[in-house]
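**Q** Here it is: the structure, laid out below.
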Amino acid sequence: MFRQKEYMIAAYFVGTLLALATSAAQAQEPLKIGYSIAQTGGLAPNGRSALLAHQIWEEDINAKGGLLGRRVKLICYDDQSNPATVPAIYEKLLDVDKVDTVIGGYGTNMLAAAMPAAIQRQKVLIGLFGLAVNAGFAYPKYFSMIPLGPTPKSAQTKGFFDIATAQNPKPQTVAIVAADAEFAINGSEGARENARGTGLKIVYDKRYPPSTTDFAPIVRAIQAANPDIVVILSYPPDTVGMVRAVNEVGYKPKMIGGGMVGLQATAIKMQLGPLLNGFVNFDYWIPIEKMEFPGVSEFLTRYQARARQEGVDALGYGIAPWGYAQLQVLQQAIAATKSLDDTKLADYIHSSVFRTLIGDVTFGPEGEWADSRVLEVQFQHINGAGLEQFKDLSTEAVISPAQYKTGNLIYPYEMAK
């Protein structure tokens, strides 16, 4: 009997020691966050900028002791700007790398491809710059780091239409041209809604294949339809092609732009230079006084000091603060819930306010921002391709919304040329 008690006591202590050892071992294991992001291909200029921001966040959080007492490790793969690569990457992250949690990569097309894996595994997914990704899924654990608010499709171009229809005389007709891909399709649906809401007649509404390289025939077809204003929904390579074609053809509608991804990237601004003058387009954050949220200036100083050696966007205005803020949301949710449980994290994200580099963030029921905050900017007075004119924003006037306004619209478009 005494020997049995001795065995039981010994077993208890051995079990306790094993539990403590296991707990200690787990505490030493890094907390792994997995995702894919474009490091090559058409989305790489923004993807690589966001990746550097993520790495700076990783360094910052580990300098503070990590999360849940564990060092944080980002595990990231290049999706090559190709949605077809994304599902397999997330399967590898979850099944082979055994990551603790995931985030979404960059861009609507890539995020839409990641959604089925997240839904199947019931994982929280915080996406970066995805336009209405959740519209077809209604997945309660998806959250969007893009300031489009509860009606994202129409919010993308609403400011463009509002500015155009405030002119005197008011434009009467509009052309809508979009890439045949997820982002542009969603954006063009919203543009049609805005056209109807503002009473403009759509005289041209077509898509082009994402593989298109010669945009002059498209521009000539739009010109033949003779719209007053033109809305373009494009990704970076075709944005460049469209701007060049508009200038080569000599096309001069009253207003043009709206939904052109890529014009937020410093390298593309420098590449196009004066060809951009007059274009009106969206932006989500730029370093004007009213958007100098706590910590963002210090972050950009550090980012820009490393940008040259990393070979990424020299200024980082377009996406870098958003990449850092994306992980701040996850960080704050994990710290507050003291958990990696996806249901607990999703419930907390839905009900909380997050303090980030790009301001306070709250999410609505569908995972979109509770409120819209889209900037409309016009490129003006660009002379050459020098970096400094884009750094000090002397060539990029915020014309809407009123609380962020830094300049006035030059209208019609040809007057800004």
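**Q** Computed FRET efficiency, Cβ-Cβ of Ala166 and Glu292, R0 25 Å: what is it to the nearest 0.05?
**A** Numbers: r = 28 Å, r/R0 = 1.12.
Given R0 = 25 Å and the Cβ-Cβ separation, E is 0.35.
**Q** Pop out the ³J(HN,Hα) list for segment 304-319 in order, Karplus 6.51 cos²θ - 1.76 cosθ + 1.60 with θ = phi - 60°, rounded to Hz; leave Gly and Pro as x.
**A** For segment 304-319, the Karplus curve yields 5, 5, 9, 4, 4, 5, 7, x, 10, 3, 5, 9, x, 5, x, 9 Hz.
**Q** Between segment 143-174 and segment 190-231, what is the C-alpha centre distance in whole Å?
**A** If we compute the Cα centre of each part, the gap is 15 Å.
**Q** Which GluC sites (Glu not before Pro) in segment 217-301 sit in a loop by DSSP (not H, G, I, E or B) and have at most 14 other Cβ atoms within 10 Å of their own Cβ? Could the numbers behind the result be given before it?
**A** On the way: sites: Glu248, Glu289, Glu292, Glu298; in loops: Glu292.
The qualifying sites are Glu292.
**Q** Rounding to the nearest 20 debye, state how big the charge dipole of the chain is about its Cα centre with +1 on each Lys and Arg Cβ and -1 on each Asp and Glu Cβ. Don't jump to the answer; show the numbers that get you there.
**A** Numbers: 37 positive and 39 negative charges, 47 e Å.
Approximately 220 debye in magnitude.
**Q** Quick one: Cα centre-to-centre distance for segment 347-390 and segment 253-327, in angstrom?
**A** 11
**Q** Please give me the summed charge of the neighbours of Gln172: other residues whose Cβ is under 15 Å from its Cβ, Lys and Arg +1, Asp and Glu -1.
**A** Numbers: positive: Lys170, Arg196, Lys201, Lys254; negative: Asp228.
In short, +3.
**Q** Right, here's the next one. Tell me, what HN-Hα J-couplings in whole Hz come from the Karplus equation 6.51 cos²θ - 1.76 cosθ + 1.60 at θ = phi - 60° for each residue of segment 62-79, using x for Gly and Pro?
**A** Calculated HN-Hα couplings, in order: 6, 5, 9, x, x, 10, 6, x, 10, 5, 8, 10, 7, 10, 10, 10, 6, 8 Hz.
**Q** A further question follows. Quick check: from the Cα gyration tensor, does segment 140-207 come out rounded (a/c under 1.5), prolate or oblate?
**A** On the way: a/c = 2.93, a/b = 1.55, b/c = 1.89.
Verdict is oblate for segment 140-207.
**Q** Out of these labelled values of semi-axes √(5λ) of the Cα gyration tensor in Å, (i) 35, 22, 20; (ii) 84, 30, 18; (iii) 45, 21, 19, which was calculated from the coordinates shown here?
**A** (iii)
**Q** Sticking with this structure for a sec: Go through Lys170/Lys405; Lys32/Lys269; Lys92/Lys269; Lys73/Lys405; Lys206/Lys344 and tell me which ones have a Cα-Cα distance over 32 Å in this structure. If you can, show how the numbers build up before the last one.
**A** On the way: Lys170/Lys405 21 Å; Lys32/Lys269 36 Å; Lys92/Lys269 36 Å; Lys73/Lys405 40 Å; Lys206/Lys344 44 Å.
In this structure, Lys32/Lys269; Lys92/Lys269; Lys73/Lys405; Lys206/Lys344 lie more than 32 Å apart at Cα.
**Q** When the chain is modelled as a GNM with alpha-carbon springs shorter than 10 Å, which of Gln389, Gln264, Gln380 fluctuates the most?
**A** Per the Cα network of the chain with a 10 Å cutoff, Gln389 tops the list.
**Q** Compute, for segment 171-218, the length of the dipole vector about the Cα centre, with Cβ point charges of +1 (Lys, Arg) and -1 (Asp, Glu) only. Units Debye, rounded to 20. Kindly include the intermediate steps, with their values, before the conclusion.
**A** Numbers: 5 positive and 6 negative charges, 47 e Å.
Dipole magnitude for segment 171-218 comes out near 220 debye.
**Q** Return the percentage of antiparallel bridges among DSSP beta bridges fully within the chain, rounded to the nearest 5 %.
**A** Details: 14 of 48 bridges.
About 30 percent, rounded to the nearest 5.
**Q** Using label points projected 7 Å from each Cα along Cα→Cβ, tell me how many nm separate Asp371 and Glu91, to one decimal.
**A** 4.4
**Q** I've got another one for you. Taking R0 as 22 Å, what FRET efficiency do you get between Arg302 and Leu387 from their Cβ-Cβ distance, rounded to the nearest 0.05? Please report the intermediate quantities before stating the final value.
**A** On the way: r = 18 Å, r/R0 = 0.83.
The value I calculate is 0.75.
**Q** Same structure again: Work out the charge dipole of the chain with +1 on the Cβ of Lys and Arg and -1 on the Cβ of Asp and Glu about the Cα centre, then indicate which of Tyr303, Tyr348, Ala385 is farthest towards its positive end.
**A** Working it through, the farthest residue towards the positive pole turns out to be Tyr348.
**Q** By per-residue mean of other Cβ atoms within 10 Å, what is the highest-first order of 320-326, 62-68, 155-161?
**A** Averaged packing, sorted descending, gives the order 320-326, 155-161, 62-68.
Throughout, read-outs are computed from the coordinates displayed, never taken from laboratory work. Owing to the predicted nature of the structure, the values given are computational and were not obtained by experimental measurement. Neighbour counts are summed over all protein chains in view; Cβ atoms, including those assigned to glycine, are modelled from backbone coordinates with ideal geometry.
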